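The values are calculated or read from the model by the stated rules, or taken from the named source; none is laboratory data. Everything numeric in this text was worked out from a predicted model, so none of it was measured. When we count neighbours, we look across all protein chains shown, and the Cβ atoms used for this are built from the backbone with ideal geometry, even at glycine. Surface areas here come from the heavy atoms of the whole protein model, side chains and all, with no ligands, DNA or RNA. Shrake-Rupley method; radii C 1.70, N 1.55, O 1.52, S 1.80 Å.
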Amino acid sequence: MRPSSRTTILEAAQRIAGRSGIGSLTLDAAAHEAGLSKGGLIYHFASKEQLMLAVVEHVTASWEERMLAQLGKPLGEASTAERVRAYTLVVSGAATSRADLAIFVDSVYDEALMRPWQAMLRRWLGTPTATDARSVDLAVARLAVDGLWLADASDTAGYDAETRAAIIARIDRLATGEEDQE
């Protein structure tokens with residue numbers, strides 16, 4: 001089954017964002033990348049702003065689908081620790097990309113684009129306010145995996161596979177509450 005033109009456009013826009021940021025996205029560039037006419041693109045997205053918001057919503061929905069699959073149960077039945085762990089496993093996985101990071105970073109400058117990210121992150125990670133050790137460990141696990149995502153996307157880490165696996169295992173121990181086995 002062929003993906004719909006809408007999905008094709010959103011995936012093309014993600015590729016553009018991965019190369020040069022979502023701010024560089026134009027209707028012409030997205031149409032060209034998707035192999036459509038500009039009119040065909042405008043049928044789905046009448047403006048650059050609509051397209052950019054749809055791209056953010058597409059990316060955040062994709063993350064949520066992967067996190068739900070990782071979780072293995074409805075979001076409402078999961079503890080905060082289970083949700084944070086699903087988040088860390090998805091973000092440290094191969095499917096989270098440089099394009100996702102570019103879209104996220106560019107969204108910081110536009111309140112409408114940031115709203116889907118904020119809503120998704122609140123659903124999955126909550127709003128930590130407690131200072132107990134467990135809550136702090138969950139916050140550190142989230143921040144660590146976000147840093148790994150940045151390092152991977154910017155190609156600045158240089159970790160070999162064994163080191164990267166050890167980092168992910170440590171993040172996982174923080175998320176699951178398991179004591180460090182040194």
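Those residues that are open to solvent by 60 Å² or more (accessible area, probe 1.4 Å) and in contact (Cβ under 8 Å) with a residue 40 or more places away in the chain, I need them from segment 139-148; list them, please.
Arg142
For segment 30-46, which residues satisfy the criterion of being surrounded by fewer than 19 Cβ atoms within 10 Å (Cβ to Cβ) and either within 12 Å of Ala112 (Cβ to Cβ) or hydrophobic (A, V, I, L, M, F, W, C) (or both)?
Leu36, Ile42, Ala46
Taking the condition of being hydroxyl-bearing (Ser, Thr, Tyr), in a helix (DSSP H, G or I) and without any contact (Cβ under 8 Å) to a residue 60 or more places away in the chain, how many residues in segment 103-136 meet it?
Step one: of segment 103-136, the residues hydroxyl-bearing (Ser, Thr, Tyr) are 107, 109, 127, 129, 131, 135.
Among the residues that remain, those that are also in a helix (DSSP H, G or I) are: 107, 135.
Next, only the ones that are without any contact (Cβ under 8 Å) to a residue 60 or more places away in the chain stay: 135.
Here the count works out to 1.
For segment 92-102, which residues satisfy the criterion of being over 9 Å from the mean Cα position of the chain (by Cα), surrounded by 14 or more Cβ atoms within 10 Å (Cβ to Cβ) and not in a helix (DSSP H, G or I)?
Within segment 92-102, Ser92 is the sole residue that qualifies.
From the list Tyr87, Tyr159, exactly one residue is outside any loop (DSSP other than H, G, I, E, B) and of a type in the set (Ser, Thr, Tyr). Which is it?
Going through Tyr87, Tyr159 in turn, the sole match is Tyr87.
Quick one: in segment 103-138, which of the residues that are open to solvent by 60 Å² or more (accessible area, probe 1.4 Å) and either touching a Lys or Arg at 6+ places or on another chain (Cβ under 9 Å) or of a type in the set (Gly, Ala, Ser) (or both) is nearest to Ala54 (Cα to Cα)?
Here the answer is Arg123.
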